[in-house]
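Below you'll find the structure, written out as structure tokens, and then a few comments.
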Amino acid sequence: MAEVKLERRGSVAVITLDNPPVNALSVATLTGLAQRVTAGLADPAIKAFVLTGAGKIFVGGADIREFGKPRPAEAPTLSQLIETIENASAPFVAAINGAAAGGGLELALGCHARIASPGARLGLPEVKLGLLPGAGGTQRLPRLTGVEAALDMIVSGELKPAEAALALGIVDAVAAGDVVAAAVAHAEKLAAAGKPPQRTRDLGGKIEAAKAKPELFANYRKETARRFRGYEAPQRCIDCVEAAATLPFAEGLKAERAAFLERVGSEQSKAQRHVFFAEREVAKIPDVPADTPTLPIKAAAVIGCGTMGGGIAMNFANAGIPVTVVESTKEALERGLSIIGKNYAATAAKGRLSQADMQKRLGLIKGTLAYEDIKAADIVIEAVFEEMDIKKETFRKLDALVKPAAILATNTSTLDVDEIAAVTKRPVKVIGTHFFSPANVMRLLENVRGRKSSKETIATVMALSRRIGKIGVLVGVCDGFVGNRMLAAYTRQANALILEGALPHEVDKVIYDFGFPMGPFAMGDLAGLDVSWRIRKRRQAEGKDNYPGYVVGDRLCEMGRFGQKTGQGWFRYEAGSRTPLSDPLVEATILKASAELGLKRRKIAAEEILERCMYPLINEGAKILDEGLALRSSDIDIIWINGYGFPAYRGGPMFYADRVGLAKILQVMRRLEEQHGEILRPAPLLERLAREGKGFGEP
Ligand SMILES: NC(=O)c1ccc[n+]([C@@H]2O[C@H](COP(=O)([O-])OP(=O)(O)OC[C@H]3O[C@@H](n4cnc5c(N)ncnc54)[C@H](O)[C@@H]3O)[C@@H](O)[C@H]2O)c1
């Protein structure tokens, strides 16, 4: 329950916000704060004020759960409150005891001085929700830091440690001891000086410098457009900082207010707020309550130190967990460990990791050829070749050797986790942990719940995901799990489109313009075309799939064109470059394949390309929900944003589908089913929701 306390320390009133867990500025907190401020200002015995937060946080920001909800007309706004504080004749000092984020920092900027504790972090992360600071942050921050530093902070949304904030001029001091006591002393000093308190709005010096550099904003816009391609909010943040530098304070504030209101109502911000909540939702598993006991993970092991195993081992070391990697040959082990070493060295060379930290992490990774060395591990993650027989043999061996309490996880991307679990005597302790490549970079982790995986195993792996810096999403066992199963539906259509008349660069452009970092063909070249080619051949041999639409991809592989690693695939690449260039040979191969299949090529419009790629992907997502293989549609959104580059400002495929309207998607899917057959049949869930006029977000 929100509470705001006022406590007297001599002539100073210490006002403490207490709204756990992050002291968010909810309507109730703001109301309480306004009451305390008004009462304090009316009390002649109070000469100065200190604002602080209870617990470990100053103020985490606005209460975003209240966005878009009606506010009581009499409720004070943060802007009004800041104005009252800034205009007060008694000095206000912010005692920033922990994070001051968003509205929290804006509140502090409205005070006349700021003292931070050493662990505090300060910033304006609104941009990450598609918003911008709406209570004067874009106007006051540049007056303290200068325009360039303010642009960097507001456009990136990153929080700065207290020491950096001191260097930038955001805080007046970093207090080593009791930050509230230091702020009280500072407030007493300001009151005793008898001068009107210094209002941030009146500071002009640092923004003057920007006026002499008119090109600054244009350049910043260009760079930001590259860095945050497709995102609207960063550009609107720049507009506001430019207003701070060029307009009188009151005018700048008005411009910020208008931009903020436009942002709150924007589609992008709605999508980004959805993603914010979806990320928090993934941890909730209905039948595995939050208090489910977990197994302590003190030591880990990884089997196989190839592309994935090496990256997986790095995740453990980065989190401070000792990890042993097991390889089958000395050469493979040396190669794997040397790649890990090179990866760390590259990060250190970029200044993102100190030599000492690098050595510490490398020291946590041990290589071995002997399985006996991992007997005591609490979790083993298997990342050997993708072949069922090898996986089974590995799991039998692990089951016999590793302590019975340990969890045995597989990183398989296509094989049946239940079949692997069945060869062990501990199927309750077997689970899939499907990392994405590069495993030390990609945030997504699909945790694959086997039929017998216990609640403890699931809870342990979900908690471990967070500990190693991943977003763990729980999925069920099926071919390709959630992400790759949907990917297959998408790449299949991309391949069909090129046989019907489009060219790879045309398809890729549509997907790139939609907001993905690259289209399906450039992605194939990056991942290596031989990987899916081998899987296709295996599936064909098993009689599982004989779809003829991959004929061009097969032929490219037969020519040895495996993508970027061979310098040519769907595109050609000049030496040392990753820029895809169209290749007449590929075009000729496509035209020949179309002719052989008796297809009359036609011009395909961008809109059709987008619908053909996205709607079947969404339809597959609906089937996955129907089959209970993902817990909620927002989990699918998280998978696609973090594993496949779906633009976060569109909220993920299922959120996007709701914005398009399921009736429209159903209509297109029905047409596609008529034209292409059963594989494109609308999912029953899509049919039902469209009929009921609902969306995936409100089933
Ligand atoms: N590469 C990807 O993008 C990706 C993504 C997700 C999942 N996966 C899955 O991860 C697993 C590993 O894939 P990868 O790309 O790292 O393969 P890889 O070929 O790069 O590495 C496999 C490593 O396992 C070693 N190995 C094989 N048998 C072994 C054994 N019995 N004991 C110890 N080591 C053994 C090999 O020497 C090799 O170094 C596969 O199941 C794959 O499907 C791969």
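The values are calculated or read from the model by the stated rules, or taken from the named source; none is laboratory data. Worth saying up front: this structure is predicted, and the values here are computed from it rather than measured. Using ideal geometry, Cβ is built from the backbone for each residue, glycine included, and neighbour counts are taken over all protein chains shown. For the accessible areas, the whole protein counts, side chains as well, though only heavy atoms, and no ligand, DNA or RNA atoms are used. Shrake-Rupley method; radii C 1.70, N 1.55, O 1.52, S 1.80 Å.
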Just checking, how many residues over segment 179-219 are assigned to a helix (DSSP H, G or I) and open to solvent by 30 Å² or more (accessible area, probe 1.4 Å)?
20
Tell me, which residue of segment 397-413 that is at pLDDT 95 or above and within 11 Å of the ligand (Cβ to nearest atom) is nearest to residue 542 (Cα to Cα)?
412
Condition broken by residue 176, with the remaining ones in (1) out of contact with any Phe, Trp or Tyr (no Cβ under 8 Å at 6 or more places or on another chain); (2) at pLDDT 95 or above satisfied
(2)
Out of all the residues in segment 425-452, which are open to solvent by 10 Å² or more (accessible area, probe 1.4 Å) and in a loop (DSSP other than H, G, I, E, B)?
425, 426, 436, 437, 438, 440, 441, 442, 443, 451, 452
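Residues of segment 572-585 being in contact with a helix residue (DSSP H, G or I) (Cβ under 7 Å, 6 or more places away or on another chain) and at pLDDT 95 or above, which ones?
Initial filter on segment 572-585 (in contact with a helix residue (DSSP H, G or I) (Cβ under 7 Å, 6 or more places away or on another chain)): 573, 578, 580, 582.
Result: 573, 580, 582.
Would you be able to say whether some residue in segment 530-543 is under 30 Å from residue 231 (Cα atoms) and modelled with pLDDT under 95?
Step one: list which residues in segment 530-543 are under 30 Å from residue 231 (Cα atoms), which gives none.
No, segment 530-543 has no match at all.
Kindly establish whether residue 486 is part of a helix (DSSP H, G or I) and not small (Gly, Ala, Ser).
Values: part of a helix (DSSP H, G or I): yes; not small (Gly, Ala, Ser): yes.
Yes.
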Taking the criterion of being open to solvent by less than 10 Å² (accessible area, probe 1.4 Å) and touching a Pro at 6+ places or on another chain (Cβ under 8 Å), would at least one residue in segment 580-589 satisfy it?
yes
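Would you check which residues across segment 369-382 are open to solvent by less than 20 Å² (accessible area, probe 1.4 Å), within 12 Å of the ligand (Cβ to nearest atom) and aliphatic (A, V, I, L, M) and list them? Write out each step before concluding.
Taking segment 369-382 as the starting set, the residues that turn out to be open to solvent by less than 20 Å² (accessible area, probe 1.4 Å) are 374, 377-382.
When the remaining residues are screened for being within 12 Å of the ligand (Cβ to nearest atom), the result is 374, 380-382.
Within segment 369-382, 374, 380, 381 meet the criteria.
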Would you please list the contacts, defined by Cβ atoms under 6 Å and residues six or more apart or on different chains, that run from a residue in segment 426-439 that is over 15 Å from residue 381 (Cβ atoms) to a residue that is away from the ligand (no atom under 14 Å from the Cβ)?
427/421; 427/452; 428/452; 428/454
Where residues in segment 316-341 are farther than 18 Å from residue 371 by Cα, more than 26 Å from the chain's Cα centre (by Cα) and away from the ligand (no atom under 11 Å from the Cβ), which of them is most open to solvent (accessible area, probe 1.4 Å)?
338
Residue 385: passes all of (1) away from the ligand (no atom under 11 Å from the Cβ); (2) touching a Gly at 6+ places or on another chain (Cβ under 8 Å) but (1)
Is it the case that some residue within segment 145-153 is farther than 24 Å from residue 31 by Cα, among the hydroxyl-bearing types (Ser, Thr, Tyr) and touching a residue at least 40 places away in the same chain (Cβ under 8 Å)?
yes
If you check every pair at least six apart or on different chains, which have Cβ atoms under 8 Å apart with a residue in segment 321-334 that is within 16 Å of residue 307 (Cβ to Cβ) first and a residue that is open to solvent by 60 Å² or more (accessible area, probe 1.4 Å) and assigned to a strand (DSSP E or B) second?
325/366
Can you tell me which residue in segment 92-112 is nearest to the chain's Cα centre (by Cα), limited to those that are over 20 Å from residue 133 (Cβ atoms) and open to solvent by less than 10 Å² (accessible area, probe 1.4 Å)?
95
Inside segment 293-305, can you point out the residues that are part of a loop (DSSP other than H, G, I, E, B) and either open to solvent by 20 Å² or more (accessible area, probe 1.4 Å) or within 16 Å of the ligand (Cβ to nearest atom) (or both)?
293, 294, 295, 296, 298, 299, 304, 305
Can you name the residue in segment 591-609 that is of a type outside the set (A, V, I, L, M) and within 16 Å of residue 556 (Cβ to Cβ) and, of all such residues, is surrounded by the most Cβ atoms within 10 Å (Cβ to Cβ)?
594
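Of the residues that make up segment 352-360, is at least one within 15 Å of the ligand (Cβ to nearest atom) and in contact with a Phe, Trp or Tyr (Cβ under 9 Å, 6 or more places away or on another chain)? Write out each step before concluding.
Just the residues of segment 352-360 that are within 15 Å of the ligand (Cβ to nearest atom), to begin with: none.
Within segment 352-360, none of the residues are within 15 Å of the ligand (Cβ to nearest atom) and in contact with a Phe, Trp or Tyr (Cβ under 9 Å, 6 or more places away or on another chain).
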Complete set of residues in segment 2-24 that are under 19 Å from residue 103 (Cα atoms) and of a type outside the set (D, E, K, R)
2, 4, 15, 16, 17, 19, 20, 21, 22, 23, 24
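Check 68, 130 and return the single one that is touching a residue at least 24 places away in the same chain (Cβ under 8 Å), open to solvent by 10 Å² or more (accessible area, probe 1.4 Å) and on the phi > 0 side of the Ramachandran plot. Walk me through how you get there before you give the answer.
Values: 130 fails: open to solvent by 10 Å² or more (accessible area, probe 1.4 Å).
Every option except 68 fails the conditions.
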Could you please let me know if residue 594 is within 21 Å of residue 268 (Cβ to Cβ) and polar (S, T, N, Q)?
no
Among (1) open to solvent by 10 Å² or more (accessible area, probe 1.4 Å); (2) within 22 Å of residue 305 (Cβ to Cβ), where does residue 419 come up short?
(2)
Kindly provide the set of residues from segment 306-315 that are open to solvent by less than 10 Å² (accessible area, probe 1.4 Å) and either within 9 Å of the ligand (Cβ to nearest atom) or part of a loop (DSSP other than H, G, I, E, B) (or both), ordered by number.
309, 310, 311, 312
Say whether the condition of being free of Cβ contacts under 8 Å to residues at least 24 places away in the same chain, surrounded by fewer than 17 Cβ atoms within 10 Å (Cβ to Cβ), within 34 Å of the chain's Cα centre (by Cα) and assigned to a helix (DSSP H, G or I) is met by at least one residue in segment 393-404.
no
